[in-house]
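Heads up, the thing below is written out as structure tokens.
The values are calculated or read from the model by the stated rules, or taken from the named source; none is laboratory data. As the structure is a computational prediction, the values presented were derived from the model and not from experiment. Quick reminder, even Gly has a Cβ in these numbers, built from the backbone with ideal geometry, and neighbours come from all protein chains shown.
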Amino acid sequence: MKVNPNYQTKEQLVELYNKPLLELVFEAATIHRQYHNPREVQMSSLLSIKTGGCAEDCGYCPQAARYHTDVEAQKLMTVESVIEQAKNAKANGSSRLCMGAAWREVRDNKDFDNVIEMVQSVNDLGMEVCCTLGMMNEDQAKRLKNAGLFAYNHNLDTSPEFYGDVISTREYEDRLNTIDNARKAGITVCSGGIIGMGEAVEDRMGLLLSYMQMETPPESIPINALVAVEGTPLEDQKPIEQWEMIRMVASTRIVFPETVVRLSAGRTKMNMEAQALCFMAGAGSIFAGDKLLTTPNPDFNEDKEMFDILGLIPKEPFKDAEQPVTIPDEKIEARKANELQREKELEAARLEAIENGFVPRKVSSVDSL
Ligand code: SAM
Ligand code: DTB
Ligand code: SF4
């Protein structure tokens, strides 16, 4: 992923962000047209596969267990219901599904095995599969890659300097490590930030600087406006001006010409004109469907009307990189083989018992307790 060589320092980035708005949009739109089809905008769907009850203290997040919000904690969805939701999303034009779990980190347990099966199944549907599951190690990243994961989302959220004002339960370095693990496993990286948390323009550009300093910058950078949720420490944060979102999208596009810049959370507070300027300035994706993870998103029909009016077309999957091939997961295969073996042994024992004249007992309701 290229970095624009004209911007190297934070000062240059801040100057870029503060350019006269229409100059900024024009520069971004020009670059966007050199690297992307400006009519194509990807529709992605978000699915919260494990909601709430998270141990972290991210100040913006309604899913942190320690804050009193309206979010009810739920256990991991079943593989079957994820497939059903993915089929719906695909039928409504989404070419990417992002599955989010309110976890601090991935653990090697049955839940993770189920996530692996979710990834395999959604990849089989021909959609780009993205997961955002918190921190993960190299081995976990490899399993996700083999399952057919296309992208891993792990946001740096803001600059390293402002990070500690928002989150205390993990370090910036932890985030960078997880991103590195995804990269090493050959998964594309989706990592972006939130504006409107009380940060300065320097912090917004500090976030971009962090991505510029990576050996390979992210293939996908989501730009979120804070959704201020009652009960979170950031509940009273003043909403950002729409112009700020346009500036952030445009600056990101200019600095990372090849990356997909995603106009993410915060669209319910934006009118169509402001969103149009974001698409003009290089936004190449939106989240479609009336819910993000836990908070509202514009109605599907409203977005369809917007696409019609602006002449946008939903982007097909795998236009930027090939579809990953699913390779059977060793742990799951070993578990299934064990289960099969056990079933065979039980059946053999049952047959042997019958041969020896034992009459199988009827299972009573007491037995099944
Ligand atoms: N627990 C995982 C993690 O933090 O990486 C994955 C889920 S987490 C909800 C995914 C991202 O959603 C966060 O990194 C943050 O950038 C974004 N997010 C969460 N709450 C938000 C809010 N209220 N407004 C805007 N973005 C938000
Ligand atoms: C991202 O940058 N934004 C999405 C996705 N990646 C996972 C999440 C937005 C969440 C907004 C708050 C909520 O709905 O809970
Ligand atoms: Fe947990 Fe992720 Fe929310 Fe932070 S952003 S509290 S890690 S779900």
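Given GLN323, GLN275, which one is more than 16 Å from ligand 3 (Cβ to nearest atom) and assigned to a helix (DSSP H, G or I)? Exactly one residue qualifies, and that residue is GLN275.
Where residues in region 26-44 are out of contact with any Lys or Arg (no Cβ under 7 Å at 6 or more places or on another chain) and of a type in the set (S, T, N, Q), which of them is nearest to ligand 3 (Cβ to nearest atom)?
We begin by selecting, within region 26-44, every residue out of contact with any Lys or Arg (no Cβ under 7 Å at 6 or more places or on another chain); these are 26-27, 29-30, 33-39, 43.
The next check asks that each one be of a type in the set (S, T, N, Q); those that pass are 30, 34, 37.
Details: THR30: 35, GLN34: 34, ASN37: 32 Å.
This residue is ASN37.
Residues checked against (1) in the same structural domain as ASP70 (by TED's automatic domain parsing); (2) part of a loop (DSSP other than H, G, I, E, B); (3) among the polar types (S, T, N, Q); (4) surrounded by fewer than 12 Cβ atoms within 10 Å (Cβ to Cβ):
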residue	(1), (2), (3), (4)
THR294	yes, yes, yes, no
GLU302	yes, no, no, no
ASP308	yes, no, no, yes
PHE318	yes, yes, no, no
GLU333	no, no, no, yes
LEU340	no, no, no, yes
GLU345	no, no, no, yes
ARG350	no, no, no, no
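Scanning region 243-272 for residues that are farther than 14 Å from ASP303 by Cα, in a helix (DSSP H, G or I) and not acidic (Asp, Glu) yields a total of 12. The residue that is surrounded by the most Cβ atoms within 10 Å (Cβ to Cβ), among those in region 76-124 that are under 23 Å from ARG170 (Cβ atoms) and touching a Gly at 6+ places or on another chain (Cβ under 9 Å), is ALA102.
Listed here are the residues, each with its yes/no results for (1) among the hydroxyl-bearing types (Ser, Thr, Tyr); (2) away from ligand 1 (no atom under 13 Å from the Cβ); (3) outside any loop (DSSP other than H, G, I, E, B); (4) at positive phi.
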residue: LEU208; (1), (2), (3), (4): no, yes, yes, no
residue: TYR211; (1), (2), (3), (4): yes, yes, yes, no
residue: THR216; (1), (2), (3), (4): yes, yes, no, no
residue: ASN224; (1), (2), (3), (4): no, no, yes, no
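Go through LEU149, LEU176, LEU133 for me and flag whichever is without any contact (Cβ under 8 Å) to a residue 40 or more places away in the chain, within 15 Å of ligand 1 (Cβ to nearest atom) and surrounded by 23 or more Cβ atoms within 10 Å (Cβ to Cβ). Explain how you work it out, then say what you get.
Details: LEU149 fails: without any contact (Cβ under 8 Å) to a residue 40 or more places away in the chain; LEU176 fails: surrounded by 23 or more Cβ atoms within 10 Å (Cβ to Cβ).
The match here is LEU133.
Restricting attention to region 52-72, and to residues there that are among the hydroxyl-bearing types (Ser, Thr, Tyr) and within 9 Å of ligand 3 (Cβ to nearest atom), which single residue is surrounded by the fewest Cβ atoms within 10 Å (Cβ to Cβ)?
To start, the set of residues in region 52-72 that are among the hydroxyl-bearing types (Ser, Thr, Tyr) comprises 60, 67, 69.
Narrowing the set further to residues that are within 9 Å of ligand 3 (Cβ to nearest atom) leaves 60, 67.
Numbers: TYR60: 24, TYR67: 21.
Checking each candidate, the answer is TYR67.
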